[in-house]
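Asker: Starting off with a structure, shown below.
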Amino acid sequence: MTEDFETPGWVHDAVFYQIFPDRFAKSRRVQKATNLEDWLSPPTAHGYKGGDLLGVYEKLDYLQDLGINAIYFNPIFQSASNHRYHTHDYMKVDPMLGGDKALKKLLRAAHQRNIRVVLDGVFNHASRGFFQFNDILENGAQSAYIDWFDIRGYPLNAYQGDPNYRCWWGLPALPEFNTDNPQVRSFIYSVAQYWVDEGIDGWRLDVPFEIDDDPFWQEFRQVVKKANPRAYITGEIGGDASRWLAGDQFDAVMNYMLTYGIWLYFGGADANQELFGQWLQHVPGMGTLDLAGFVHYVEGLLTRYPHQAVLAQMNLLDSHDTTRCLTLFNGRKDLFLLAVLFYMTYPGAPCVYYGDEIGMEGGQDPDCRRAFPWDSNHWDSAILGFYQKCINLRHAHPALRSGDFKTVYARDDVMVFVRRLEQDQLLVAFNRSDQTQHINVTVSGIFADGSVLKHELSNGVLAVRDGMLLELVLAPFSGVVMSKI
């Protein structure tokens, strides 16, 4: 591991909010196409809803009231798809989103509110509309850009027949870059630096494992950190990420490994296993987890990577690529709220997928990308209130952001752990069972006798006597957080 590995301190304190730009909010100030899908109609693979960056700008009050202090955007550059992973121009914000001016306005306003902004970097592949690839379509072997891609014949079969060039997942719309080409490397690095210079606070890297080249990502880090040492670099890695988290490539990853554990324990047999999709291929042989397995698993994740990376992990319950967690749990709100409380109190930076906080549901892609319903009559106010409490709790207690993690009780589907940072000390307990649990927790060496702990999510106090926290009562499928007074 790199000895001076340090991740941005602001990330340790962050609560991220992931926004799929076409589906969050749309402003009347951005001109719209005439054939947009109805905002609340079921999403389709190719249809647009018309969300834009000025719409996000107009909803910053909502995000701030929720407690959000960092936004992760799915791609925003000029593209030919509603998800914008088919990049046409890496140097221009899509006009449908309001263009460059909208991003500048949003960045300025977000930063005034101490909200950071992280963009999605799609650097493994471009699109058929990307200028250099389009030049090959026009000029064939005479193009000056044939070495930017892995071309295997002319003319290119870009629209009919099997593609005769390397493309992501065999999709002809997504030609893969030849990152062995110094010109391509220089281009990608220039994109990364340009937008950091423009004021973004970091990059989320799309499928970075597809660029199987450590020096490439080491150079990428050097470019980004030179532009802004506090910029955040996180990668989309579905499995073990040790290779990328040694201090010379990424700061963190989207912590899908944690997501799987949460799905398999809190959802468990009550979850719709068919909706897991292909994600569990990253943890072969792991079925539903019992409590002992879950504790072992989540504790193992904390020692798998350097501590600086653990503090900067982007923890998530779901994303634009997965079934929404509430749907995965078959609408079991009680289990969902347990999962929310766990990932809000676990080390790393939680990331809220837009709409989870109001109880949005959605199956596999594209259903997980529904538009946000701004009529509050469509919101689950209980879920929203719970999110606000958990986020406020995280902001109020440094121990939840940077403190150590110690499990002190695990039996009968009840887990209790302690988070500590100097004088800030909290106890978090979960009851995954369908029975009310009355437990006594040994806390000697953690809380001194006579210490008084208060409930943070409800009313009441308990005192420590003879090294024990006595008669902690947990209702079925519920959790509590207690802090030392």
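Only the coordinates and a few stated rules stand behind these numbers; no lab work does. Being a predicted model, the structure only gives us computed values, none of them experimental. Every residue, glycine among them, receives a Cβ derived from its backbone with ideal geometry; neighbour counts consider all protein chains shown.
Asker: Quick one: which residues, 5 or more positions from Tyr409 or on another chain, have an amide H under 5 Å from its amide H? H modelled 1.01 Å from N in the peptide plane, none for Pro or chain starts.
Answerer: The list, which skips near neighbours in sequence, is Val416.
Asker: Sum up the charges of everything whose Cβ sits under 13 Å from the Cβ of Arg432, counting Lys and Arg as +1 and Asp and Glu as -1, but leave Arg432 out.
Answerer: Around Arg432, the charge tally is -4.
Asker: Would you work out which of Gly238, Ala410, Trp195 lies farthest towards the positive end of the dipole of the chain, given +1 charges on the beta-carbon of Lys and Arg and -1 on that of Asp and Glu, about the Cα centre?
Answerer: Trp195
Asker: Normalized C-alpha radius of gyration of the chain, against 2.2 N^0.38 Å?
Answerer: Dividing the Cα radius of gyration by 2.2 N^0.38 Å gives 1.01.
Asker: Sort out for me the Cα centre separation of the range 188-254 from the range 82-103, rounded to whole Å.
Answerer: 20
Asker: Could I ask something else about it? Could you give the nm distance between label points at Ser186 and Gln388, where each point is 7 Å from its Cα heading toward the beta carbon?
Answerer: My value for the distance between the label points is 5.4 nm.
Asker: While we're here: If we count every other residue with Cβ under 12 angstrom of Asp150's Cβ, Lys/Arg +1 and Asp/Glu -1, where does the sum land?
Answerer: -1
Asker: On to the next question. Among Thr179, Gln112, Gly161, whose Cα sits farthest toward the positive end of the charge dipole of the range 106-209 (+1 at Cβ of Lys/Arg, -1 at Cβ of Asp/Glu, about the Cα centre)?
Answerer: Value: Gln112.
Asker: Which FRET efficiency value, to the nearest 0.05, do you get for Tyr62 and Ala396 by plugging their Cβ-Cβ distance into 1/(1 + (r/R0)^6) with R0 = 25 Å?
Answerer: 0.75
Asker: What's the FRET efficiency of Ala141 with His111 using the Cβ-Cβ distance as r and R₀ = 35 Å, to the nearest 0.05?
Answerer: 0.15
Asker: Roughly how many debye, to the nearest 20, is the charge dipole of the chain about its Cα centre, given +1 on each Lys and Arg Cβ, -1 on each Asp and Glu Cβ, and no other charges?
Answerer: Dipole about the Cα centre, nearest 20: 1200 debye.
Asker: Roughly how compact is the range 403-484, stated as its Cα Rg over 2.2 N^0.38 Å to two decimals?
Answerer: Expressed relative to 2.2 N^0.38 Å, the Cα Rg reads 1.00.
Asker: Still on this structure, I have one more. Report the charge-dipole magnitude of the range 403-484 in Debye, nearest 20, computed about the Cα centre from +1 at each Lys and Arg Cβ and -1 at each Asp and Glu Cβ.
Answerer: I would put it at about 80 debye.
Asker: Here is a follow-up. Taking neighbour counts of Cβ atoms within 10 Å as a proxy for exposure, in what order, fewest first, do Thr234, Thr7 appear?
Answerer: Final ranking by Cβ density, sparse to dense: Thr7, Thr234.
Asker: With label points built 7 Å along Cα→Cβ from the Cα atoms of Tyr194 and Asp367, find their separation and express it in nm.
Answerer: 3.9
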